[in-house]
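The values are calculated or read from the model by the stated rules, or taken from the named source; none is laboratory data. Bear in mind that the values here come from a model prediction, so they are computed numbers and not experimental data. We place every Cβ from the backbone using ideal geometry, glycine too, and count neighbours over all the protein chains shown.
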């Protein structure tokens, strides 16, 4: 089977951490990524759950935009911890 080179960028600390874990499991990163690619190809899905960070929900982003507008307009609003926690429930 013909081989091909795949290149991509990754945070240096993440790479070092992954290399260490792969070594502990007795494999290279190339082997780990090949296993991942084979599983994705076979199952036609990412083989683990991927979820969005709730921080980036539309309601949070809208609140951040409103706060930014207030800061830009010179109307800085200081929220108490209780107010911030109440916003999380909305």
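Provide a single number: the residues in segment 1-14 that are farther than 20 Å from residue 46 by Cα and outside any loop (DSSP other than H, G, I, E, B).
2
Quick grid of which residues meet (1) surrounded by 10 or more Cβ atoms within 10 Å (Cβ to Cβ); (2) not in a loop (DSSP other than H, G, I, E, B):
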{"position": "41", "(1), (2)": "no, yes"}
{"position": "49", "(1), (2)": "no, no"}
{"position": "64", "(1), (2)": "yes, yes"}
{"position": "71", "(1), (2)": "yes, yes"}
{"position": "76", "(1), (2)": "no, no"}
{"position": "83", "(1), (2)": "yes, yes"}
{"position": "86", "(1), (2)": "yes, yes"}
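Which one is modelled with the highest pLDDT, of the residues in segment 51-62 that are surrounded by 10 or more Cβ atoms within 10 Å (Cβ to Cβ) and in a helix (DSSP H, G or I)?
Residue satisfying both the conditions and the ranking: 62.
Which residues, counting only those in segment 17-37, are surrounded by fewer than 11 Cβ atoms within 10 Å (Cβ to Cβ) and in a helix (DSSP H, G or I)?
20, 24, 30 - these are the residues of segment 17-37 that are surrounded by fewer than 11 Cβ atoms within 10 Å (Cβ to Cβ) and in a helix (DSSP H, G or I).
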